[in-house]
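This report concerns only the one structure given below.
Throughout, read-outs are computed from the coordinates displayed, never taken from laboratory work. Predicted model, so just to flag it, every value in this text is computed and none were measured. Positions of Cβ are backbone-derived with ideal geometry, glycine not excepted, and every protein chain shown enters the neighbour counts.
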Amino acid sequence: MWASISWRLLKQELRRGELTIMAAAIVLSVTAVLSLALFTERLQGGLTARSAEFLAADRVLSSRRDVPQEWLDKAQASELQTAQRVVFNSMAFANEQLALVDVKAVSAGYPLRGELLIADQPYGDERVAQGIPAAGEAWVAAALFQELGLQVGDTIEVGDSRFEITRVLTYEPDVGFSVFTDSPNVLINYSELQGTGLIQPGSRVRYNILYAGASDDLADYEAWLTPQLNEDTHNWRSVEDGDSPLARSLQRAERFMLLASLLGVVLAATAVAVAAQRYCQRNYDVVAILKTLGAERRKIQKIFILHLLLLTSLSIGIGLLLGWLLQAVVIAWVGNHLGVTLPEGSLRGVGLAAGTGLLCAVMFTLYPLLRLIDVPPLRVLNRQLGGAERWRWLHWLASGGTIYALLWLYSGQGLLATALFVGGAVAAAVLLLISRVFIKASRQAGMQAGSAWRLAMAGLQRRAQANSVQMLSFSTAIMLLLLVLALRYDLLEDWQRQLPDDAPNYFLVNVAQSDVPALQQRFAERDIEANDMYPVVPGRMTAVNAVPVVDEVTKEERESEQAPQSEQREGFGRELSLTWRDTLPPNNTISAGQWWEEDPKPQVSIESGVAERLRLTLGDELTFNIGGEVFTVPVTSIREVNWSSMQPNFFMIFNTATLSEFPATYISSFNLPQERKSELYELFRPFPQVSLIDLDAIIDQLREVIAQVSLAILFVLVLVILAGILVLLAQVQASLEEREKELVILRTLGAPAKLLRRSVTYEFVILGAISGVIATLAMELSLWILQTQVFELEATLHWRFWLVGPLAGALVVGSMGRLACTRLIRRNTAQLIRRLA
Amino acid sequence: MLIQTTQLTKNVETSEGILHILHPTDLQITAGETVAIVGASGSGKSTLLGLLAGLDLASSGDVSIDNVNLGDLDEEQRAKVRADKVGFIFQSFLLVPSLTALENVMLPAELAGNKAAEQQARELLTKVGLQERVQHYPNQLSGGEQQRVAIARAFVGTPKILFADEPTGNLDAATGGKIEDLLFEMNQASGTTLVMVTHDNALAKRCQRVFRMDGGQLTEVTGDVG
């Protein structure tokens, strides 16, 4: 019997739209969670696969020594694909010339992720390589063709072996971004490695095992392997560990999406809370009537719990359907747009979404529901009576606990959840306080204004308590919206900065000093914007503070227990590209010491990573050997270098006085649109010794990934905006209900509709504007914390939001208020009075 | 005795001390009687009604319905007493806005587990002249029609007692008159005991006994009501 009463009540409430906002809030939270979970999961799957190409594998084990066969066997037993890659420097000999090259010996299967691109002629048409060089063959980078005057079919000697050059190597997925620290690559078959005779004890060789496979298998293998790794010898890497711009972009995007989704869910939860409170309050009379007519408490409980369950299940069902459809549409669009196929989503998202909807609905309606059930029957005679306040603690506990649980559930990070929760609670308290002060101040200002304004101000003041709570939700919604907008803007701008449309896509190396003016002139004639020309002097660092560095640690030494540990330092193990400059290069910042100002004394500035790795500090005296000439300079500054910038970067920069006398070649980078590629030949014809490195493939790959991430972010933003609007709508409706009685009285007393509409509009405009100001303030503060602590971005002020925040607040809240009020006032007075009766 | 009070009082604590809303009151009403309680606004009439119907708890003294002392019962048991024996009519009608006229009338019967609720409700709505409007919602009915639905609802469980709080207070004179007639007519037909709170002396005169409430003191009016 009670079930049919419950169903009848629900049916009519639904029909009359009384539950629309609450249902919409649940639907939205479920839709948002499901679509986001599925979308991010699938997109991330796609992105990780794409990014894995930068490693040429899902995971890479890098080692100074050959790795035990057992590790490879175990990988195979774990159903992982593996490939071996051994990299070392050597001199290559061809056409009676020598050149320093990076030899890369790879086994079948390489690359496990991504593709190797080859051509039949230098700068010829690229195609995807099927397999790897056969035994006796070598694939050689275009730069080496220029350097040694090679042709396909020539023979190149590496160590004791001779190889026939059969292809031009145009793109290797794992080439990395440090184009200037590497020599041209020579790719040979792994089986040829021993034959070169170059792998001797003490040789500086990197042994890499590449792994690919299912993420569970990888995780199991990782858990088995990592305890056996030696920090000094081994390095285990995944895409996320890299210092590539891609890895950082991905991490930031992931954090952004996580945060934005969290905020979206919290907003939707707030909407549920506001709507639930309103729903319960509107049913006070119904409960009083039911109790008066003899309904037992238990029955009333059942009636309303069933209400809620029906509403929740219905909303969750719709939300799941919508969420699934939404992500399918977006994924299809993204797929078409970017020409990629994304992996299927899992059921985890469905559970998460349904759980979130249920949690929101149950926990946020708990207190209003308890109060509702507690309404005394005497309310039929005394309408002032409502539910008891004794559950208030439960309200705070339930809603606070739910928000915390959602934060945790969604982020999977206790620390982040706690930080956001505590931060949010403090912000809410401050917002509450500020809104009270604002209302008080605006009351005084309003006294001097016209009648609609005065009415509005009086209204604000009278409902100060209720208003400050409303303002809290307005402010929170506006703040979160601004926050997500501003963060998105910052992220995109940061990426744009890193990869502007005119980012250099070609690097020039080996430019003779005498050719520099002519080359610069050619660039100017063809309107090609090139970066500065950087002189490069090859040299070795031989000692630190007069103690020789160990460049080549032999296997025996390393394994010997008596090996000197602290006295001797490890060097670079190879020749370095040294440069000189008067000014600090762009994208470099001094982190310690000072940049020189035309100081004739010899000195060097070192990159911070090198300083850390080689344990170098300011004032250390570094000894260099350049072509047999030995000199010593002090370290006078340490630089942070943005390696993701597409420009020449250096570990060691000297002042002009120290290095300019040495013979140098020059390097630079420039941007040339793809469609002008044909000009390259003509451009460099007079400079045959200049080597050109084409970065278009890498840049395109990066751009593509960033485009995908930007789309994902836009999608999240739309969902968060929807959630925000829902909160505002729920709150305006709830607030207007509180004003309803007063409006009816004023209307009955003959107040013209225009006056009432205006006074309500003004009241909401003021509420919205003040909320906007508070929201902007809170947004700037939160953003500063997020930028500096979470996203590693530069903290900036967002002046335009100081205008946008209050204006948008006033406009949106004001017009929502006006709309709701207009609907109310359109009824005739008798209808209004009856509505209140 | 169907309703009996003994030294029934109601006090509330205010910031200025204890306020005596109802002074010790003794009242006996027998089955089938019609009783009016008149008095100015704020005199304590509705408080007494709330206590008699078990909607509120007394500060001291006893009230019993059909020999059951309401003071000994908890809220659930009092609800049960109301469900079994009491019907209500209010000044503001107090219909459930999301139920139709028919569903509103069925409500008490359904809550009492009466299987024939719908049939009874239809009969009663026909009696009050609303057979054409059974599927209408309260906001689609006029004030008089809403009160007729409320009367039908009050009689659906064939209650022993009907409590009416200013039943015509929200209606114009003509409509109010029709509602009064309907109320007394149905009351007479069912032999229900009627306890009515009103400030309308003319309405009070139609009852067999009239009490006046003044500042929380209840006295029976034996002569002309005024």
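How high is the FRET efficiency between B:I18 and A:L797 when r is their beta carbon distance and R₀ equals 56 Å, given to the nearest 0.05? Efficiency, from the Cβ-Cβ distance: 0.40. At an R0 of 35 angstrom, the distance between the Cβ atoms of B:D181 and A:T20 translates into a FRET efficiency of 0.25. Using the Karplus relation 6.51 cos²θ - 1.76 cosθ + 1.60 with θ = phi - 60°, the per-residue 3J(HN,Hα) values for segment A:224-233 come to 6, 7, 4, x, 8, 7, 10, 4, 6, 9 Hz, with x marking Gly and Pro. A cut-off of 5 Å between modelled amide H atoms, ignoring neighbours fewer than 5 places along the same chain, links B:V221 with B:V210, B:F211, B:R212.
Between A:I199 and A:A214, the simple label model (points 7 Å from Cα in the Cβ direction) yields a spacing of 3.2 nm. Of all lysines in the structure, the ones whose alpha carbon falls short of 22 Å from that of A:K302, not counting any fewer than 8 places away in one chain, are A:K11, A:K291, B:K80, B:K115.
Cβ-Cβ distance of A:E96 and A:D120, R₀ of 22 Å, FRET efficiency by 1/(1 + (r/R0)^6): the value works out to about 0.35. Extension gain, A:E529 to A:I305: 0.36 nm times the residue separation minus the Cα-Cα distance gives 73.7 nm.
Over the residues of the protein assembly as shown, the helix contribution to mean residue ellipticity at 222 nm works out to -16500 deg cm²/dmol, using -39500 (n - 2.57) for each DSSP H run of at least 4.
Checking the cross-link filter: which lysines have an alpha carbon closer than 24 Å to that of A:K104, excluding same-chain neighbours under 8 positions apart? The reachable lysines, counting only those whose Cα sits under 24 Å from A:K104, are A:K555. Here B:K160 is the anchor, and the aspartates and glutamates within straight C-alpha reach of less than 14 Å, apart from those fewer than 8 places off in the same chain, are B:E33, B:D66, B:D84.
Sorting B:151-161, A:472-482, A:323-333, B:53-63 by average packing, meaning the other beta carbons within 10 Å per residue, from highest down gives A:472-482, B:151-161, B:53-63, A:323-333.
Compute the Rg to Rh ratio over segment B:3-221 from the alpha carbon atoms, using the Kirkwood formula for Rh, and round to two decimal places. Walk me through the numbers before you get to the answer.
Values: Rg = 17.2 Å, Rh = 17.7 Å.
Rg/Rh for segment B:3-221 comes to 0.97.
A full extension of the chain between B:A40 and B:K115 corresponds to an added length of 22.8 nm, given 0.36 nm per residue minus the alpha carbon distance.
Our estimate of slack between A:K677 and A:S4, defined as 0.36 nm per intervening residue step minus the Cα-Cα distance, is 234.7 nm. Couplings 3J(HN,Hα) of segment A:578-585, computed from phi: 9, 9, 10, 6, 8, 10, 5, x Hz, in residue order, whole Hz [Karplus 6.51 cos²θ - 1.76 cosθ + 1.60, θ = phi - 60°; x for Gly and Pro]. Modelled label positions at A:Q521 and A:E621, each set 7 Å beyond Cα in the direction of Cβ, lie 4.6 nm from each other. When you filter the GluC sites (Glu not before Pro) in segment B:1-103 for DSSP loop state and at most 14 other Cβ atoms inside 10 Å of their Cβ, you are left with B:E16.
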